[in-house]
Structure formats: structure tokens, C-alpha cells
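Everything below concerns the one structure shown next.
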Amino acid sequence: MSDGLLLVNLGTPAAPTAPAVREYLAEFLSDPRVVGIPRLLWLPLLHGVILRVRPAKSAEKYAAVWTDEGSPLMVHTARQAAALAARAPFPVEFAMRYGEPKIEAALSRLRAQGCTRVRVLPLYPQFSGSTTGSVLDAIDAVKDGPACCVIESYHDHPAYISALAAGVRRHWAEHGQPPELVMSFHGLPQRAVDLGDPYARQCRETAQALADKLGLGAHRWRLTFQSRFGPARWLQPYTEPTLAALARGGVRRVDVVCPGFVSDCLETLEEIALGARDTFLAAGGETFHLIPCLNEAPEWIAALEDVALTGDCRDRDAGAPPPRPF
């Protein structure tokens, strides 16, 4: 029996254009895991209003961070998979939950390489039903693929925390330490947490573990949530209002790290490095730094292998034997 590894990230439009963004958003926002509004209410609103208005605005944001190689998220995820494959004793593929490359196609490629069991590693360290839960749905929907198990969470895995800390220390070695380190995680509707989603708790545990690893006292860091969408109450405190309050309170420099994103993407490069920076400076701040995501840092590639080897991999095929270590 031969094992393989599949990395899964969220996804990205194929191009920074309104038609490409519309196609991507149509798939992404149609997922009931992402938007929990009843379909009879949501789908007419999505196709009748949102997909007519939002793609052009989102395309402008994607264009602001697009590279010569393509979408930053796609570029970094592909590089991570290649770097891991170069050192790991097992075949490695990557896929996107929305857009290309598809999960089913990636599983087929692993099966063609002789893999009869695949460990699936979502590139979301903290579990949420809207992210990892959706990957589980996609894995379960594959009818003719290899047996799979999924590493559903590694928010407090020592190798992941160490990789995060190494990136922060590398940045501080070049730029010095700020009075405040803001750890910004993607937001989630409060209702999801009230219904039992463990995401907020895992974000807090990640943030505390990173602060402990860096030796930061409680007055030196804070946790916030970004990317709020729609009128509902989301996890708080919100990132941009927090940054504005810090600046108005006399904080002149702030560093922001986004531990929940393992690759720089629209949410870090545009929302934080451009939008949040402008908010902080407009409120009286003077120096704003976004600490890069893990990307292809050697500590992160080693951590990926460690998580793949030692993470709790839960079987998605009740008839298959328990998952084995590589």
C-alpha cells in the first residue's frame, strides 16, 4: 500500500478580471458551508445582485496584488507543494477547494502514481465548518478515488507555532520590535461559534501559543478578526477599528501578523497591507508592517512534513483500515 499527500487551499480566480472573479465567486458563495442563508433566499440574491456588482470591485483588489506568475495564493501554494515534494518520501499534490486545480483531479493524479491512501492536509490550521468542513464535503463527494484521511486541525502543533515564531523573529531582526503585535485572523459569523464551531477557540489558542513562543506579555500583543462580510455580527474585535484605536491612543508603530493564512493572498496583501495600513496611518499612526505569511519559509516546509507525518488524520472511508504513518 502506497501513501500520498494532498494539500488543499481555498482557491483563487484564474485572472484579476470581473468575468474570472464572477466565476470564482459563483462557486465559492454557492457553498452552504460558506453562506448559511437558506438557498431559496440566498441564491436569487447571489445571482441577481451580488454577482452583478461585486466581481468588478473584487477584480480591482485582485489586480492590486496580482504578480507576473499569477495569483499570490496559487503561486505560494504551488511552491509549498513543490518544496515539500522535494524532501518528502511520498508523492505530493495540491488542489483548491474552489476553482482550479480540483480536488478530484488531484486525487486522481495521486492514484495514478500508485497511491492507495491519501492524507489530506487543508492549509487552514484552525478548523472551521466553513473551511475544513467544506474540504471534508468535497472529499466525501469523490466517488472513485483513493481512501482518504484528513488532518482537520493543527492550530497548536509545535512545528506550526515554531514556524510562525521564526517568521516573526526574522522580521524583527531586520526591522526591530514594535510596541504592539496584532495577530489578525479571518473572521467568522458569531452565530457559527454560538452553534459550536471551534474556530474562535482555536484562534485564541494559536495566538497565545505564538505569544508564549515569542516571550510576549499580555500588553505586547492582541488578537483581532478581519474580512467581515455582510451585516451580521462577526467575531470581534475587528482588525481595522482596533488599528485605528491604537493609532488614536498614541501607538505610532504596529506590526500585523496573520497566523491563520499560511500563504500571502488577497486578505493579507490587499486587505491588511493596503487597506488596514491606510486606516492605521489615517488615524495618526506612523509605521505599519505586515509580517509575511509562512509562504515558502524553510521552517514552514519542514513543519508541513511534520504535520503530515504526526497530525491526527481522521479516516473518511469507514471501510478502510486506520491511517498509517508514512
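Over the range 91-134, what lengths in whole Å, largest first, do the semi-axes of the equivalent ellipsoid take, defined as the square roots of 5 times the eigenvalues of the alpha-carbon gyration tensor?
Numbers: eigenvalues 87, 29, 12 Å².
Whole-Å semi-axes of the equivalent ellipsoid: 21, 12, 8.
Sort Thr239, Thr310, Thr279 by heavy-atom solvent-accessible area, probe 1.4 angstrom, most to least. Can you show the working numbers first?
Details: Thr239 5, Thr310 85, Thr279 40 Å².
Ranking Thr239, Thr310, Thr279 by accessible area, largest first, yields Thr310, Thr279, Thr239.
Show me the GluC sites (Glu not before Pro) within the range 1-105 that DSSP assigns to loop and that have at most 11 other Cβ atoms within 10 Å of their Cβ.
Details: sites: Glu23, Glu27, Glu60, Glu69, Glu93, Glu104; in loops: Glu69.
The qualifying sites are Glu69.
To test your reading of the geometry: what angle, between 0 and 90 degrees and rounded to tens, separates the Cα axis of helix 18-28 from the longest principal axis of the chain?
Result, in degrees: 70.
To test your reading of the geometry: what angle, between 0 and 90 degrees and rounded to tens, separates the Cα axis of helix 51-65 from the longest principal axis of the chain?
For helix 51-65, the angle is close to 80 degrees.
The range 134-225: D in µm²/s via Stokes-Einstein (Kirkwood Rh, Cα pairs, 4 °C, 1.567 mPa s)?
Values: Rh = 15.6 Å.
Reported coefficient: 83 µm²/s.
If you stretched the chain out fully between Phe229 and Lys102, how much longer would it get, using 0.36 nm times the residue separation minus the C-alpha to C-alpha distance? If you can, show how the numbers build up before the last one.
Values: separation 127, 0.36 × 127 = 45.72 nm, distance 2.56 nm.
Length gained, Phe229 through Lys102: 43.2 nm.
Would you compute, for the Cα atoms of the range 74-201, the largest minus smallest coordinate along each principal axis and list the three values in descending order, in whole Å?
Projected onto the principal axes, the Cα atoms of the range 74-201 cover 53, 41, 26 Å.
Residues in the range 148-170 near a label at Asp212, defined as backbone nitrogen under 17 Å from the 7 Å Cα→Cβ point?
154-166
Ratio to report: Rg/Rh of the range 195-326, with Cα atoms as the point set and Rh obtained by the Kirkwood method; give two decimals. Spell out each step's value before the answer.
Working: Rg = 18.1 Å, Rh = 17.3 Å.
Taking Rg over the Kirkwood Rh, I get 1.05.
How do the peptides 241-254, 28-41 rank, highest first, by the average count of neighbouring beta carbon atoms within 10 Å per residue? Don't skip to the answer; put the middle values down first.
Working: 241-254: 17.5, 28-41: 14.5.
Result, highest mean Cβ count within 10 Å first: 241-254, 28-41.
Take the Cα gyration tensor of the range 1-140, multiply each eigenvalue by 5, square-root it, and list the three semi-axes largest first, rounded to whole angstrom. Walk me through the numbers on the way to the answer.
Numbers: eigenvalues 172, 73, 25 Å².
One finds semi-axes of 29, 19, 11 Å for the range 1-140.
Just subtract the alpha-carbon distance of Leu40 and Ala173 from 0.36 nm times their residue separation and send over the number in nm, one decimal. Provide the component values of the computation, followed by the final result.
Details: separation 133, 0.36 × 133 = 47.88 nm, distance 5.34 nm.
My answer for the length gained is 42.5 nm.
Principal axes first, then extents: for the Cα atoms of the chain, list largest minus smallest coordinate on each axis, whole Å, largest first.
60, 49, 42
Any chance you could run the full-extension gain for Ala141 through Arg220? It's 0.36 nm times the residue separation minus the Cα-Cα distance, nm to one decimal. Walk me through the intermediate numbers first.
On the way: separation 79, 0.36 × 79 = 28.44 nm, distance 4.50 nm.
Full extension of this stretch gives 23.9 nm more.
Pop a pseudo-label 7 angstrom from the Cα along the beta-carbon direction at both Asp315 and Asp194 and give the gap in nm to one decimal.
Between Asp315 and Asp194, the simple spin-label model gives 3.9 nm.
Every cysteine in the chain with no other Cys Cβ under 4.7 Å from its Cβ, please list them in numeric order.
Cys115, Cys148, Cys203, Cys258, Cys265, Cys293
So for each of 6-14, 106-114 I average, over its residues, the number of other beta carbons within 10 Å; can you give me the resulting order with the highest mean first?
Numbers: 6-14: 24.0, 106-114: 17.2.
Averaged packing, sorted descending, gives the order 6-14, 106-114.
Lys143: which lysines have alpha carbons under 17 Å from its alpha carbon, excluding same-chain residues fewer than 8 sequence positions away?
Here the lysines satisfying the reach criterion relative to Lys143 are Lys102.
The values are calculated or read from the model by the stated rules, or taken from the named source; none is laboratory data. Source: prediction; values computed, not measured. Neighbour counts are summed over all protein chains in view; Cβ atoms, including those assigned to glycine, are modelled from backbone coordinates with ideal geometry. For accessibility, only protein heavy atoms count, side chains too; no ligands or nucleic acids. Shrake-Rupley method; radii C 1.70, N 1.55, O 1.52, S 1.80 Å.
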